[in-house]
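Enquirer: Structure incoming, see below.
We did not get these values from a lab; they are worked out from the coordinates using the rules stated. Worth saying up front: this structure is predicted, and the values here are computed from it rather than measured. Using ideal geometry, Cβ is built from the backbone for each residue, glycine included, and neighbour counts are taken over all protein chains shown.
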Amino acid sequence: MTEQVLSAEAAILFLVVGVMWGLLFLMMKIVRIMFGFGKIAEAFFDMLLCLMAAMSVFLCALVFDSGRIRFFQLLLHIIGAAAVILSLGPFVQIISQKIWYGIRKIRRFFLSGVKKIFKRFIKPKEKKKEKKENKAKANQKKVKKHRPKIKEKRKST
């Protein structure tokens, strides 16, 4: 059995592929934060990413080592991805949350303007009707309070 030595080009390729997977993970994280996906969507994206990463590890092993996956190949992929995620992850989290809050504020501003327009043109008619109904109910309550209560006599058998 001949032992193959990992070439420098292969090691750099494995690291670069790992870095690309780390960047893809962070991009998916940005999408999850921006669109507010739930836990199920987050699990789906993570599983999809793991499947694609496994396929790339196998393809890299197929090219360089006839399909045998060696530990150092897998380790270089993990190191590349972990380096990107650990170094850029907190930064991406903070920036994407700030962008999301900014988008929410802009959306609320425009929606509040639309609500004000509807309140000015549509709501006053409804308010007048509601005021009339409330006055009528209040008058009925006042009338009921001022009426003397008449007790009915029970017929005894």
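Enquirer: Students often check this: by mean Cβ neighbours within 10 Å, which of 27-37, 94-104, 79-89 ranks highest, and how do the rest follow?
Expert: Per-residue mean Cβ counts within 10 Å order the peptides as 79-89, 27-37, 94-104.
Enquirer: Based on the mean of other beta carbon atoms within 10 Å per residue, what is the order of 43-50, 12-19, most packed first?
Expert: Descending packing order for the listed peptides: 12-19, 43-50.
Enquirer: Hey, got the dipole for the range 18-100? About the Cα centre, +1 on K and R Cβ, -1 on D and E Cβ, debye to the nearest 20?
Expert: Computed about the Cα centre, the dipole is about 100 debye.
Enquirer: Taking a ≥ b ≥ c as the square roots of the Cα gyration tensor eigenvalues, with a/c under 1.5 meaning rounded and otherwise prolate when a/b beats b/c, else oblate, which class fits the range 1-99?
Expert: prolate
Enquirer: Also, I was wondering about something else. Based on the alpha-carbon gyration tensor of the range 16-58 and its eigenvalue square roots a ≥ b ≥ c, which shape applies: rounded if a/c is under 1.5, prolate if not and a/b is larger than b/c, or oblate?
Expert: oblate
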